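**Q** Sharing a structure here in C-alpha cells format.
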Amino acid sequence: MISCILKTQSKILYTFLLALVVSFGAFAQASEQAEVAQKGVDPGATEGAEVTTGDPAVISAGEALFKNNCAVCHSAGSDVIVGPGLQGVTKKRSESWLISWTKNSQALIQSGDADAVAIYNEFNKQAMPSFAFSDDEIKSIFAYIDSGKGAVSAPVAGPEGAVAGENVGTDAVGAIGGYLDIVLVVLIIVLIVLVVTLLLITSLLKNYLNKNRQLNEYDAEVVNQRFDFSKVYKSNAVRTLVVLIFVVVLLDLTIEKTMGIGIQQGYAPKQPIAFSHKLHAGEHQIDCNYCHTTVYESKSASIPSANICMNCHSQVKTESAEIQKIYRAIERNEPIQWVRIHNLPDLAYFNHSQHTQVGGVECQTCHGPIQEMDVVYQYSPLTMGWCIDCHRETPLNTEGNGYYDKLVELHESSSKGAFTVSSNGGSECSKCHY
Ligand code: HEC
Ligand code: HEC
Ligand code: HEC
Ligand code: HEC
Ligand code: HEC
Ligand code: HEC
C-alpha cells in the first residue's frame, strides 16, 4: 500500500514534467510564427510604381511616390511639416512650374522666377531636394494631391498613417509573445509549488510511518530508500557518455570557429550617432537612394554626408542631442565617423549598380530587413560561396535585351537548365578577382 502511494506520487510528477515539455514546445512554435509574421511586412513593395493613363492607377502611383519621397516634408493637406502643405498648390501654380520646381527647385529660384523666390524666402531659404522623376511621375503626384485622398487623414499625413497600420501588426504579435511568457512563468511557479508540496507530504508520511507503524522489512526499505548518486556517476556507461558529449561539443566549436575566420556575419558596431534605419527607412519610408545616392549608378553605395541629413534636420528635432552631433560635425567641417560594417577584402570585386540596377536584386536580399533595424548589422556572410551560390541559382534577366539573344539560344541548344548568372560566366574567377 505504501509503495503504491509512492508510485502515484511519481506518476503525478511525471505528468507535470510532460506538461511542461509540451507547453514549452507550443511556446517555441508560437514565437516562431510571430517571427514569420513580422518578417512578412514589406514596406518596399510600393517602390517604383509605373505611371499609366487612367485616373485611379495614376493617383495610386502618385500616392506611392508622394509617400516615399515627399511626405517626410509635406502633408497633402494644409499642415506645414518642413515644407508647406500642398493642398490646392495646383490652383496656385501652373503644371510646368510644378514640374520644373520638383525636378530642381534651386534652378528655378536662380532663374529669378518670382513665385519660386517668394516661397523659398518664406521657408527661410531651405533647399528642397531635387527629384529625377519623369514629367508623368510628377503629374501623378499632383493628381494624387488634387484627389484630396491624402488631405483627409491629414495631420502629418503619409508616413504616420502607414506607420500606424504596421505597428498594429507588430504590437499584436508582441502581445501574443508577452501573453505566452506570462503563461509559461505561471506554469513554472505552479510546478515548483507542487514539487515542494509533494516533497513535504513525502517527508511527513515517512516520519509518520516510521514512528507510528510497525513496518515489515520490505516496507521499511521502500520507505527509507535513498537515491544513491555516487552509483550513477561511477558507472562506466555514464562516464563514456560524458566524455563523448564533451568531445563532440569541442569538435563542433572548433570547426565553427575556424570556418568563421574573417566572416563578420551579425557584426553590428555602435555608431557615433544613434541613427536608426527603422525610423528613417521604415517608419518615414525614405528611399534608400535618397541617402545612398550612388547605389544604382556606381560600384559603391556611398554613405550620406552630413549635408543630406541637414535637408531635414535643419528643421526636424533640432533640440535632440544626437542631432546636435550633426551640427557640430558641420561646424568643424569634419565628416561624421561612421563605423564601416560591410567590407570585402581587396582581392574581390563587387559592384552595386550591376546588382541593383542591371540585375534588379533588392537591397534586402543581401542586406536583410534594413528598414526594421535600429542598428545595422551584417545580414549575409559575404563569403565567396555565398556570391557563387546566388549566381548559380539566379536566372539572368535577359528579357528585351538583344545583347543576350544569341547567348540564350546557344545555351538552350546545349543544356537544359535556366540561363543563370553563372551560365553567363558569373562564376569565372576573373569576374570577381582582379
Ligand atoms: C527635405 C524636405 C522636402 C522634401 C523631401 C520635399 N520638399 Fe517640397 N518643399 C520643401 C520646402 C522647405 C519647400 C519650401 C520652399 C523652399 O524653401 O525651397 C518646398 C516647396 C515645395 C513646393 C512649392 C509649394 C508652393 O506653395 O509653391 C512644391 C510644389 C513642392 N515642394 C513639392 C514637392 C514634391 C512633389 C516633393 C516630393 C517629390 C517634395 N516637395 C519633397 C521641402 C521638401
Ligand atoms: C536618411 C538616410 C538613410 C536612408 C534613407 C537609408 N540609409 Fe542606410 N545608412 C545611412 C547611414 C548614415 C549609414 C551609416 C550608419 C549606420 O551604419 O547606421 C547607413 C548604413 C547602411 C548600411 C551599412 C553600411 C556599412 O557600413 O557597411 C547598409 C547596408 C545600408 N545603410 C542600407 C540601406 C538600405 C537598404 C536602405 C533602404 C531600405 C537604407 N540604407 C536607407 C543612411 C541612410
Ligand atoms: C528626409 C528627411 C530626413 C533625413 C534626410 C534625415 N532624417 Fe533623421 N529624422 C527624420 C525624421 C522625420 C525623424 C523623426 C523625428 C521625430 O521623431 O519627431 C528623424 C529622427 C532622427 C534621429 C532621432 C532624433 C531623436 O533624438 O529622436 C536621429 C539621430 C537622426 N534622425 C539622424 C539623422 C542622420 C544622421 C541623418 C543623415 C544621415 C538623417 N537623420 C537624415 C528625417 C530625416
Ligand atoms: C548582391 C548583393 C547586394 C545587394 C543587392 C545590395 N548590396 Fe549593398 N553591399 C553588398 C556587399 C557585398 C557590400 C560590401 C562591398 C565592399 O566591401 O566592397 C555592400 C556594401 C554596402 C554599403 C556600404 C558602403 C559600400 O558601398 O561599401 C551600403 C551603404 C550598401 N551596401 C547599401 C545598399 C543598398 C542601399 C542597396 C539597395 C539599393 C544594396 N546595398 C544592395 C551587397 C549587396
Ligand atoms: C542575391 C543574388 C546575388 C548575390 C548574393 C551576388 N550576386 Fe553577383 N550577380 C547577381 C546577378 C542577378 C547578376 C547579373 C546582373 C546582370 O543582369 O548582369 C550578378 C552579376 C555579377 C557580376 C557580373 C558577372 C558578369 O557576367 O558580368 C559580378 C562580377 C558579380 N555579380 C559579383 C558578385 C560578388 C563578388 C558577390 C559577393 C560579394 C555577388 N556577386 C553576390 C546576383 C547576386
Ligand atoms: C562571384 C564572385 C567570385 C567568383 C566567381 C570567384 N570568387 Fe574567389 N572570392 C570571392 C569573394 C567575395 C572572396 C572573399 C571571401 C571572404 O572574404 O571570405 C573570395 C576569396 C577568394 C580567395 C581567398 C581565400 C579566402 O577564402 O578568403 C581565393 C584564393 C579565391 N577567392 C579564389 C578564387 C578562384 C580560384 C576562383 C575561380 C574558380 C574564384 N575565386 C571565383 C568572390 C568570387
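The values are calculated or read from the model by the stated rules, or taken from the named source; none is laboratory data. For clarity, every value in this text was computed on a predicted model and none was experimentally measured. Positions of Cβ are backbone-derived with ideal geometry, glycine not excepted, and every protein chain shown enters the neighbour counts. Surface accessibility is based on the protein's heavy atoms, side chains included, excluding ligands, DNA and RNA. Shrake-Rupley method; radii C 1.70, N 1.55, O 1.52, S 1.80 Å.
**Q** What aspartates and glutamates does residue 299 reach when the alpha-carbon gap must be under 16 Å and sequence neighbours fewer than 8 apart in one chain are set aside?
**A** 346, 362
**Q** Now, a different point. Could you name the lysines in cross-link range of residue 278, using Cα to Cα under 19 Å and dropping any fewer than eight places away on the same chain?
**A** Result set, ordered by chain and number: 39, 67, 270, 317.
**Q** Largest first, how would 327, 379 line up by accessible area (1.4 Å probe)?
**A** 379, 327
**Q** Obtain the nm distance between the two label points defined at residue 244 and residue 351 by a simple spin-label model: each point lies 7 Å from its Cα along the Cα-to-C-beta direction.
**A** Spacing of the two 7 Å Cα→Cβ label points: 5.5 nm.
**Q** At a Cα cut-off below 20 Å, give the aspartates and glutamates reachable from residue 91, other chains included and same-chain residues fewer than 8 away excluded.
**A** Within reach: 55, 63, 79, 113, 115, 122, 135, 136, 137, 146.
**Q** OK, next. Expressed as a whole percentage, what fraction of the accessible surface of the stretch 46-155 belongs to carbon and sulfur atoms when a 1.4 Å probe is rolled over the protein heavy atoms?
**A** Answer for the stretch 46-155 is 53 percent, counting heavy atoms of protein chains only.
**Q** Per residue, how large is the accessible surface of the stretch 46-155? Use a 1.4 angstrom probe and give square angstrom.
**A** With all protein chains present, the stretch 46-155 gives 50 Å² per residue.
**Q** Turning to a different aspect of this structure: Could you tell me the calculated FRET efficiency between residue 123 and residue 94, based on Cβ-Cβ distance and R0 = 30 angstrom, to the nearest 0.05?
**A** Approximately 0.90, to the nearest 0.05.
**Q** Relative contact order of the stretch 46-155: what whole-number percent is it, with Cα pairs under 8 angstrom and at least 6 residues apart?
**A** Once divided by the residue count of the stretch 46-155, the mean separation gives 37 percent.
**Q** Grab the beta carbon distance between residue 253 and residue 340, set R0 = 30 Å, and tell me the FRET efficiency rounded to 0.05.
**A** 0.60
**Q** Separate question: Take the alpha carbon atoms of the stretch 317-373, find their center, do the same for the stretch 70-113, and report the distance between the two centers in whole angstrom.
**A** Here the two parts' Cα centres lie 29 Å apart.
**Q** For residue 307 and residue 185, what is the calculated FRET efficiency with R₀ set at 41 Å and r taken between the beta-carbons, to the nearest 0.05?
**A** So, using R0 = 41 Å, E works out to roughly 0.20.
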